[in-house]
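The values are calculated or read from the model by the stated rules, or taken from the named source; none is laboratory data. All values derive from a computational prediction rather than experimental measurement. Here Cβ is always computed from backbone atoms with ideal geometry, including for glycine, and neighbour counts include all displayed protein chains.
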Amino acid sequence: MINISILTVFEQLYDPFIHTSLVGRAQEKEIVHIDVQSFFSYIQPKERIDAPTFGPGAGMLIRPDVVQKAIEDKEAVYGKAFKIFFSPRGQKIDQRVFETIAAKTQECGHLMIIPARYEGMDARVEEEYADMVLSVGDFVIMGGDVPAMLLLEGVLRLLPEVVGKQESVARESFNGPFVDFPSYTEPLEWKEMRVPDVLRSGNHAAIEKWRTEHAVEKTVKDHFSWLRAQDLSLAEKKLAYEHMPSHYVALMHSDVLVGQERLPGVTSVTSLDIHDIARSAKTYGVKEYFLVTPLIDQQKIVQKLLHFWNQGVGAEYNQCRHNAIQLVDLVSTLDEVIACIEEKEGKKPLIIATSAQIGDTQQLISYSDQKTVWAHGRPVLMIFGTGQGLSPDVIKRCDYLLLPIAGFSPFNHLSVRSAVAIILDRWLGINPMFHSIPQGGPNGKKRN
Ligand SMILES: C[S@@+](CC[C@H](N)C(=O)[O-])C[C@H]1O[C@@H](n2cnc3c(N)ncnc32)[C@H](O)[C@@H]1O
């Protein structure tokens with residue numbers, strides 16, 4: 001049996017929680033034993049469990065010596081525990097955190113949950129004892145007891161035999177890369193909404209296909225930041241990509257500002273921009289890279305280069321480069337770009353302008369606004385300026401303007417090919433997060 005001890009200021013909060021539903025059943029089935037103990041059990045009459053914070057500022061903290069007594073008492077009974085504290089400054093809880101704690105709990109047989117109250121605990125307690133310090137989100141609530149109950153709900157269902165059907169645990173949201181599919185029950189028709197016929201067809205393959213489609217669609221639409229943080233297989237990447245709107249990139253050599261005076265004008269093409277932007281576009285699944293120049297002489301230079309890589313010696317010489325350069329389409333105007341996309345997709349693209357400067361705040365979007373943009377159900381065209389950047393007139397024509405790329409220095413004069421790479425990565429890039437328990441406590445100084 002697994003022992004779970006909870007050390008708290010308000011033990012009465014846990015009743016009836018620990019005796020109800022699956023948590024209660026897990027205790028009846030003797031899978032777990034939950035022991036809730038008040039910090040007040042560890043002080044003498046008239047002693048306090050809290051004391052004022054040192055330094056200016058209001059607030060009381062739970063005393064470290066009281067927490068020490070409580071921890072030592074429970075470890076003497078149930079053995080060494082895996083210890084969890086809570087703080088808004090802690091590691092944010094997600095399904096991986098529950099999985100880690102479930103595994104650690106089974107390994108050591110004793111999980112200790114230590115929620116705080118008031119302004120929290122003396123900082124030395126976490127430093128000394130915490131295996132994990134967890135946050136339930138970027139906000140502050142009055143105490144750690146609701147987070148503690150949430151943790152129990154999340155971890156207990158992962159322990160063997162707590163939940164009846166293990167399948168219901170295995171197929172749920174955030175267990176794999178995609179969230180759960182929509183489910184329906186009786187009545188068949190409710191408020192003029194009917195349960196999809198396919199789900200009642202008995203055709204298991206068709207049902208599976210329907211469920212996968214809906215799960216992937218919902219994940220891409222509403223949980224893209226989570227999806228892109230997963231370690232996706234090639235097949236999963238392909239599935240997700242098929243549910244994302246098509247993206248296009250245009251590099252503008254007209255409709256740009258030039259010279260120190262920043263006047264409207266045109267710029268010359270550079271072979272580096274053709275190659276490097278094509279390679280970035282290919283990496284991030286961009287459908288086509290439009291090179292926009294109205295100048296005939298410039299077009300001739302580009303055509304020669306494209307011919308070399310698409311049909312000439314280059315196509316054989318470097319297949320990889322050939323694959324990227326094949327995305328390049330030479331056109332004269334932005335209108336031509338829009339027409340090409342509309343012809344391919346059957347819909348006009350939404351246009352996102354990019355700039356090194358913050359423009360009209362009404363148009364501004366950030367690098368986490370995919371949901372807003374993708375909700376339109378239209379292809380997306382990102383346009384990039386050469387010279388001194390896109391002209392204000394062309395930016396006004398666009399639906400959105402992306403926030404300028406910025407680091408922690410005031411300098412942001414990037415080459416356009418760097419800007420394209422960074423923006424494509426921020427908008428469409430995958431960045432898997434690998435969760436692991438901090439070794440030696442949250443700040444690496446754990447001593448016990
Ligand atoms: C009023 S809060 C203390 C907040 C602390 N002064 C801060 O700003 O980081 C008291 C206790 O509630 C719990 N708590 C509050 N917000 C939380 C959150 N977002 N996640 C986890 N625990 C939280 C923690 O146990 C915390 O020590």
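For residues that are crowded, with 18+ Cβ neighbours inside 10 Å, small (Gly, Ala, Ser) and part of a loop (DSSP other than H, G, I, E, B), scanning just the range 382-422, find the one that is nearest to the chain's Cα centre (by Cα).
389
Pick out, from the range 9-102, the strands (runs of 3 or more DSSP E) lying fully within it that include 2 or more residues that are over 32 Å from the mean Cα position of the chain (by Cα).
Working: elements: 32-38, 50-52, 60-62, 82-92.
In the range 9-102, the matching strands (runs of 3 or more DSSP E) lie at 32-38, 50-52, 60-62.
Mind checking which helices (runs of 4 or more DSSP H) fall wholly inside the range 266-362 and carry at least 2 residues that are touching a residue at least 12 places away in the same chain (Cβ under 8 Å)?
Details: elements: 271-283, 296-310, 313-317, 319-325, 334-345.
The qualifying helices (runs of 4 or more DSSP H) are 271-283, 296-310, 319-325, 334-345.
For the range 133-149, what are the residues that are within 22 Å of residue 22 (Cβ to Cβ) and either buried (at least 21 other Cβ atoms within 10 Å of the Cβ) or near the ligand (Cβ under 9 Å from one of its atoms) (or both)?
Of all residues in the range 133-149, those within 22 Å of residue 22 (Cβ to Cβ) come to 134, 136, 144-149.
Matches in the range 133-149: 134, 136, 144, 145, 146, 147, 148.
Only one of (1) touching a residue at least 40 places away in the same chain (Cβ under 8 Å); (2) exposed (fewer than 15 other Cβ atoms within 10 Å of the Cβ) fails for residue 179. Which number is that?
Unmet for residue 179, out of (1) touching a residue at least 40 places away in the same chain (Cβ under 8 Å); (2) exposed (fewer than 15 other Cβ atoms within 10 Å of the Cβ): (2).
Would you check if residue 128 is buried (at least 17 other Cβ atoms within 10 Å of the Cβ) and outside the structural domain of residue 227 (by TED's automatic domain parsing)? Before you say what the answer is, go through the steps one by one.
Working: buried (at least 17 other Cβ atoms within 10 Å of the Cβ): yes; outside the structural domain of residue 227 (by TED's automatic domain parsing): yes.
When the stated conditions are applied, residue 128 passes them.
Going by the conditions given, is residue 130 within 16 Å of the ligand (Cβ to nearest atom), on the phi < 0 side of the Ramachandran plot and not β-branched (Val, Ile, Thr)?
Values: within 16 Å of the ligand (Cβ to nearest atom): yes; on the phi < 0 side of the Ramachandran plot: yes; not β-branched (Val, Ile, Thr): yes.
For residue 130, the condition - within 16 Å of the ligand (Cβ to nearest atom), on the phi < 0 side of the Ramachandran plot and not β-branched (Val, Ile, Thr) - is met.
Read through the list (1) farther than 21 Å from residue 38 by Cα; (2) crowded, with 16+ Cβ neighbours inside 10 Å; (3) near the ligand (Cβ under 9 Å from one of its atoms), then give the number of the only condition that residue 89 fails.
Here residue 89 meets the rest and fails (2).
Given the residues 51, 58, which is the only one that is touching a strand residue (DSSP E or B) at 6+ places or on another chain (Cβ under 7 Å), on the phi < 0 side of the Ramachandran plot and within 16 Å of the ligand (Cβ to nearest atom)?
Values: 58 fails: touching a strand residue (DSSP E or B) at 6+ places or on another chain (Cβ under 7 Å).
The match here is 51.
Please go through the range 62-86 and pick out each residue that is crowded, with 20+ Cβ neighbours inside 10 Å and either closer than 17 Å to residue 121 by Cα or within 14 Å of the ligand (Cβ to nearest atom) (or both).
Passing the criteria: 62, 63, 66, 67, 70, 71, 83, 84, 85, 86.
Would you please list the contacts, defined by Cβ atoms under 7 Å and residues six or more apart or on different chains, that run from a residue in the range 133-146 that is assigned to a loop (DSSP other than H, G, I, E, B) to a residue that is more than 6 Å from the ligand (Cβ to nearest atom) and aliphatic (A, V, I, L, M)?
Partner pairs satisfying both residue conditions: 136/93; 136/150.
Can you name every residue in the range 126-182 that is out of contact with any Gly (no Cβ under 7 Å at 6 or more places or on another chain), of a type in the set (Val, Ile, Thr) and either modelled with pLDDT under 95 or over 16 Å from residue 4 (Cβ atoms) (or both)?
136, 140, 141, 146, 162, 163, 169, 179
Spot the failing condition for residue 251; the list is (1) modelled with pLDDT of 95 or more; (2) assigned by TED's automatic domain parsing to the domain that holds residue 196; (3) not in a helix (DSSP H, G or I), and only one is missed.
(2)
With the requirement that a residue be out of contact with any Ser or Thr (no Cβ under 8 Å at 6 or more places or on another chain) and either within 14 Å of the ligand (Cβ to nearest atom) or on the phi < 0 side of the Ramachandran plot (or both), what does the range 155-166 give you? Show your work before the answer.
Taking the range 155-166 first, the residues out of contact with any Ser or Thr (no Cβ under 8 Å at 6 or more places or on another chain) are 156-158, 160-166.
156, 157, 158, 160, 162, 163, 164, 165, 166, listed by residue number.
Using the structure shown, decide if residue 152 is within 16 Å of the ligand (Cβ to nearest atom) and assigned to a strand (DSSP E or B). Break it down into steps so the answer makes sense when it comes.
Working: within 16 Å of the ligand (Cβ to nearest atom): yes; assigned to a strand (DSSP E or B): no.
Considered against the rule, which asks whether it is within 16 Å of the ligand (Cβ to nearest atom) and assigned to a strand (DSSP E or B), residue 152 comes out as no.
Report yes if residue 117 is within 15 Å of residue 137 (Cβ to Cβ), modelled with pLDDT of 95 or more and not assigned by TED's automatic domain parsing to the domain that holds residue 226, otherwise no. Steps first, answer last, please.
On the way: within 15 Å of residue 137 (Cβ to Cβ): no; modelled with pLDDT of 95 or more: yes; not assigned by TED's automatic domain parsing to the domain that holds residue 226: yes.
No.
Look through the range 363-375, keep the residues that are part of a loop (DSSP other than H, G, I, E, B) and in contact (Cβ under 8 Å) with a residue 40 or more places away in the chain, and return whichever of them is surrounded by the most Cβ atoms within 10 Å (Cβ to Cβ).
Checking each candidate, the answer is 367.
All but one of (1) in contact (Cβ under 8 Å) with a residue 40 or more places away in the chain; (2) over 27 Å from residue 140 (Cβ atoms) hold for residue 103, so report the exception by its number.
Looking at each condition in turn, residue 103 falls short on (1).
Given (1) part of a loop (DSSP other than H, G, I, E, B); (2) within 16 Å of the ligand (Cβ to nearest atom), where does residue 202 come up short, assuming only one miss?
Result: residue 202 fails condition (2) only.
Which is on the phi < 0 side of the Ramachandran plot, among the aliphatic types (A, V, I, L, M) and touching a Lys or Arg at 6+ places or on another chain (Cβ under 7 Å), of 121, 112? Write out each step before concluding.
On the way: 121 fails: touching a Lys or Arg at 6+ places or on another chain (Cβ under 7 Å).
When all the criteria are applied, what remains is 112.
From the residues in the range 100-122 that are over 15 Å from residue 7 (Cβ atoms) and in contact with a helix residue (DSSP H, G or I) (Cβ under 9 Å, 6 or more places away or on another chain), which one is farthest from the ligand (Cβ to nearest atom)? Walk me through how you get there before you give the answer.
First pass over the range 100-122, keeping only residues over 15 Å from residue 7 (Cβ atoms): 100-109, 119.
After this cut, where a residue has to be in contact with a helix residue (DSSP H, G or I) (Cβ under 9 Å, 6 or more places away or on another chain) as well, the list is 101-102, 105, 109.
Values: 101: 14, 102: 19, 105: 19, 109: 25 Å.
If we take residues in the range 100-122 being over 15 Å from residue 7 (Cβ atoms) and in contact with a helix residue (DSSP H, G or I) (Cβ under 9 Å, 6 or more places away or on another chain), then 109 is farthest from the ligand (Cβ to nearest atom).
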